[in-house]
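Comments concern the structure below.
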Amino acid sequence: MNFFLIDDDADDRELFEITLKDVNPSCTCITAKNGEDAIRILNAQPDLIPDFIFLDLNMPLMDGRTCLIELRKHPKFQKVPIIIFTTSNHPRDIEDTKKLGASHYLIKPSSLKTLKEILSTLLQDGVFTYRLN
């Protein structure tokens, strides 16, 4: 499976990649540091269609909302689950991103153990079914 993580925080990108490899070493993770970087990467690789896109909201240059809009404009990404992956728990952010086409909204977990559980469930089920309690 191919994951695409779009997040401006280098530590968050590294932890996500390490945790994903720990859960399943055969998975690949492509990363981008902001929305502009993500669009550039995807345009440069027209055959690249990630199985899942994890998208942070608060990033420089092109934020997560704008990136989400741009991704949903392309037919090849219409069926790709785009999971908002952010620290914001503001109800307005959740509502707005769902309206813009986000598949799910996930507040970044505070522990690697929880992130590992989320990714394990995702890989086991092949769909995003993880629910926060």
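Readers should treat all values here as calculations from the given coordinates under stated rules, not as data from a laboratory. The model shown is predicted, which means the values in this text are computed figures rather than measured ones.
Here segment 2-125 carries DSSP beta bridges of which approximately 0% are antiparallel, counting only pairs with both residues inside. The mean of 1/r over all pairs of different alpha-carbon atoms in the chain, once inverted, gives a Kirkwood hydrodynamic radius of 14.7 Å.
For the cross-link pairs 73/113; 79/113; 76/116; 76/113; 21/98; 73/99, the ones whose C-alpha atoms lie over 23 Å apart are 73/113; 79/113; 76/116; 76/113; 21/98.
Estimated from helical segments only, the mean residue ellipticity of the chain at 222 nm is -13000 deg cm²/dmol, where each DSSP H run of four or more residues counts as -39500 (n - 2.57).
Net length available on complete extension from residue 41 to residue 113 is 22.9 nm, with 0.36 nm assigned per residue and the Cα-Cα distance removed.
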